[in-house]
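K.L.:
Dropping the structure in here first, questions after.
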Amino acid sequence: MAVKNIMVVGAGQMGSGIAQVAAQAGYSVVLHDISDDLVQKGLSGIRKQLDKAVSKGKLEEADKDGALDRIQTTTSLESVKDRDLVVEAVVENMDIKAKVFGELDKNAPSSAILATNTSSLPITRIGATTNRPSQVIGMHFMNPVPVMKLVEVINGLATSPEVTATVKEVAEQLGKVPVECRDVPGFVSNRVLMVMINEAIWELYEGVASVEGIDSIMKMGMNHPMGPLALADLIGLDTVLAILNVMLEGYNDPKYRPSPLLRSYVDAGWLGRKSGRGFYSYE
Ligand code: CAA
């Protein structure tokens, strides 16, 4: 199936990044969020990123304008009616995703693929909320989307091989490298990454080293581009907690038990970069 028209549902950090790379790759993109304020905030973030690329000489002004022209905005999920592929990037909450997928399934063309950028929720369960589970798949982008090469492609139990092939092709068109995996809690990426981040937070909780100390050790010692605590701030501490909880429940194994310090930070609203404060301050 040839994908030409894409809809991105959720104009936050991930959704706007996905919309940006899709528009830059020449796709017609509809960017959705629940309010005009949110969708315009997403669009202005994209404009800022593209302006930055132009000022660095990495993008032609005309290509920036072309990409922006290819993005339409909407607050109605009915705008899915002429789309070939949807990438959902709303909050990591199963009830909300089920509602969104129900609406998309009702309004999308019967041939459309419904992909989710979920970082840990079961693809099979999301697929089962629709009447087209064979056309539901995980398309997991990494943050920051314009920079990171990987798209983790997660096949639900019912996902058809044709849908997997199409989604891999689109990922390649976006300049990404798709890598397939099975639908297990946390998939491959977060099952490894979140255990590392959680362990760093336990270390901080136990006073093993300071925030800077832990991050410096992991950056210099392991050649990681950023330390685990800075990375947690980038991802969002609420998202880190949500993913750990999904794995704790999914495997019923205490090795995924979130550090109490992580819970406290989330309770305090210290969610990382997006809230101005996490393990570091972004004022
Ligand atoms: N959006 C777009 N571009 C960005 C960006 C953003 N948010 N942040 C940085 N960049 C670009 C910069 O503009 C810069 O571009 P140029 O090379 O063209 O100048 C380039 O990335 C490098 O940025 P910096 O020089 O500012 O800083 P850096 O070298 O430290 O790189 C980084 C920043 C790319 C974020 C790097 O630190 C990194 O790779 N960190 C690890 C990120 C990571 O692990 N992501 C996965 C998170 S897990 C996930 O997303 C999945 C999940 O489900 C939770």
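The values are calculated or read from the model by the stated rules, or taken from the named source; none is laboratory data. As the structure is a prediction and not an experimental result, all values here were calculated from the model. With ideal geometry, Cβ positions are generated from the backbone for all residues, glycine too; neighbour counts draw on all protein chains shown. Heads up: the accessible areas ignore ligands, DNA and RNA and are worked out on the full protein's heavy atoms, side chains in. Shrake-Rupley method; radii C 1.70, N 1.55, O 1.52, S 1.80 Å.
K.L.:
Convert each backbone phi in region 21-27 into a coupling constant with the Karplus relation 6.51 cos²θ - 1.76 cosθ + 1.60 (shift: θ = phi - 60°), then list the ³J(HN,Hα) values in order as whole Hz, x for Gly and Pro.
P.N.:
Computed from phi, the couplings for region 21-27 are 5, 5, 5, 5, 7, x, 7 Hz.
K.L.:
Using a Gaussian network model on the chain with a 10 Å cutoff between Cα atoms, which of S134, S160, S16 fluctuates the most?
P.N.:
S160
K.L.:
Taking only C-alpha pairs under 8 Å that are 6+ residues apart, what is the relative contact order of the chain in percent?
P.N.:
That works out to 13 percent.
K.L.:
I would also like to ask the following. What is the extension gain from D63 to E249, computed as 0.36 nm multiplied by their sequence separation minus the C-alpha to C-alpha distance, in nm to one decimal?
P.N.:
Extra length available between D63 and E249 comes to 62.4 nm.
K.L.:
Q72 to R257: FRET efficiency via 1/(1 + (r/R0)^6), r the Cβ-Cβ distance, R0 30 Å, to the nearest 0.05?
P.N.:
The pair Q72/R257 has a calculated efficiency of 0.10.
K.L.:
If you add up the charges near G276, with Lys and Arg at +1 and Asp and Glu at -1, over every other residue whose beta carbon is less than 13 angstrom from its beta carbon, what do you get?
P.N.:
Neighbour charge sum, excluding G276 itself: +1.
K.L.:
Would you please give the FRET efficiency between K52 and M222, computed as 1/(1 + (r/R0)^6) with r the Cβ-Cβ distance and R0 = 41 Å, to the nearest 0.05?
P.N.:
E between K52 and M222, to the nearest 0.05, is 0.90.
K.L.:
Given a 1.4 angstrom probe, I'd like the percentage of the accessible area of the chain that is carbon and sulfur, rounded to a whole number.
P.N.:
Roughly 52 percent, rounded to a whole number.
K.L.:
Turning to a different aspect of this structure: Just for the chain, what percent of DSSP beta bridges are antiparallel, to the closest 5?
P.N.:
Bridges in the chain are about 20 percent antiparallel.
K.L.:
Regarding region 74-124, what is the average projected area of its C-alpha convex hull, in nm²?
P.N.:
Orientation-averaged projected area of the Cα hull: 3.5 nm².
K.L.:
Report, in whole Å, the centroid distance computed from the Cα atoms of region 7-31 and region 137-191.
P.N.:
16 Å
K.L.:
How many percent of DSSP beta bridges within region 1-152 run antiparallel, rounded to 5?
P.N.:
10 percent
K.L.:
Another one. My understanding is that a pair violates if its Cα-Cα distance is over 31 Å; which of K56/K81; K48/K168; K106/K274; K106/K255 do that in this structure?
P.N.:
Flagged as over cut-off: K56/K81; K106/K274; K106/K255.
K.L.:
When the chain is modelled as a GNM with alpha-carbon springs shorter than 10 Å, which of E206, E162, E249 fluctuates the most?
P.N.:
Its mean-square fluctuation being the largest, the pick is E206.
K.L.:
I need the GluC sites (Glu not before Pro) found in region 53-89, filtered to DSSP loop residues with at most 15 other beta carbons within 10 Å of theirs.
P.N.:
Hits after loop and neighbour filter: E60.
K.L.:
On to the next question. Can you give me the accessible area per residue for the chain, using a 1.4 Å probe, in Å²?
P.N.:
47 Å²
K.L.:
Where Rh denotes the Kirkwood radius from the mean inverse Cα pair distance, what is Rg over Rh for the chain?
P.N.:
0.97
K.L.:
Sticking with this one: 5 Å is the cut-off here: which amide hydrogens, built 1.01 Å from N in the peptide plane, fall below it relative to L31, excluding neighbours closer than 5 in sequence?
P.N.:
Here V8, Q72, T73, T74 satisfy the definition.
K.L.:
Amide H of T116: which non-local residues (sequence gap of 5 or more, or other chain) have their own amide H closer than 5 Å, using H built in the peptide plane?
P.N.:
For T116, the qualifying residues are E88, I137, G138, M139.
K.L.:
Right, something else. Using modelled backbone amide H atoms (1.01 Å from N, in-plane), which distant-in-sequence or interchain residues come within less than 5 Å of E180's amide H?
P.N.:
V153
K.L.:
If you line up the long axis of helix 36-55 against the longest principal axis of the chain, both from Cα atoms, how many degrees apart are they, to the nearest 10?
P.N.:
80 degrees
K.L.:
In the Gaussian network model of the chain, springs joining C-alpha atoms below 10 Å, which of H224, H140, H32 carries the largest mean-square fluctuation?
P.N.:
H224
K.L.:
When the helix-only estimate is applied to the chain (DSSP H runs of n ≥ 4, each -39,500 (n - 2.57), divided by the residue count), what is the mean residue ellipticity at 222 nm, nearest 500 deg cm²/dmol?
P.N.:
Rounded to the nearest 500, it is -15000 deg cm²/dmol.
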